[in-house]
Amino acid sequence: MLLEIVTPEKVFFKGNVESVRVPGTKGSFAMRHNHAPIISTLEPGFIKIIHEMTERYFEIQDPAVVEHHENKIIILAERVKETFPLFVR
């Protein structure tokens, strides 16, 4: 499934992923291939993706929005940075 993490300045990440875990406003949740369509708000926190058989982590620094439809996930965020598992709470 295709994931795009987009900020006002650039497409921060774009690639095929196996799964994505996001910090939803009502609690974190994960999306995998053929997940039901969803649009949700996100709280500042960590995104965990499985990409090319490895885990990668990104930190959303402000509230954001995610949409999943037909195996394409788009996360719209003001500020994002890549982080490492050591720093994930």
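No value in this document is a laboratory result; all are computed from the given coordinates. Bear in mind the structure is a predicted one, so any value in this text is a computation, not a measurement. Every residue, glycine among them, receives a Cβ derived from its backbone with ideal geometry; neighbour counts consider all protein chains shown.
Pull out all pairs, ordered by first then second residue, where Cβ-Cβ is under 7 Å, the residues are six or more apart or on different chains, the first lies in the range 30-44 and is more than 18 Å from residue 57 (Cα to Cα), and the second is acidic (Asp, Glu) and surrounded by 10 or more Cβ atoms within 10 Å (Cβ to Cβ).
Partner pairs satisfying both residue conditions: 39/67.
Taking the range 31-53 as the region of interest, how many residues are surrounded by 12 or more Cβ atoms within 10 Å (Cβ to Cβ) and either under 18 Å from residue 82 (Cβ atoms) or within 9 Å of the chain's Cα centre (by Cα) (or both)?
The number of residues fulfilling the criteria is 9.
Looking at the range 58-78 only, could you name the residues that are buried (at least 20 other Cβ atoms within 10 Å of the Cβ) and aliphatic (A, V, I, L, M)?
60, 64, 66, 73, 75, 77
If we only count strands (runs of 3 or more DSSP E) wholly inside the chain, which ones have 3 or more residues that are of a type in the set (Gly, Ala, Ser) and out of contact with any Gly (no Cβ under 6 Å at 6 or more places or on another chain)? Spell out how you get there, then give the answer.
Details: elements: 2-6, 11-16, 19-24, 27-32, 38-42, 45-51, 54-60, 64-69, 72-76, 80-83.
So the answer is 27-32.
If a residue has to be in contact (Cβ under 8 Å) with a residue 12 or more places away in the chain and basic (Lys, Arg) to count, how many in the range 1-25 make the cut? Spell out the reasoning first.
Of the residues in the range 1-25, the ones in contact (Cβ under 8 Å) with a residue 12 or more places away in the chain are 1-8, 12-25.
Those still in the list that are basic (Lys, Arg) too: 14, 21.
Looking only at that region, the number is 2.
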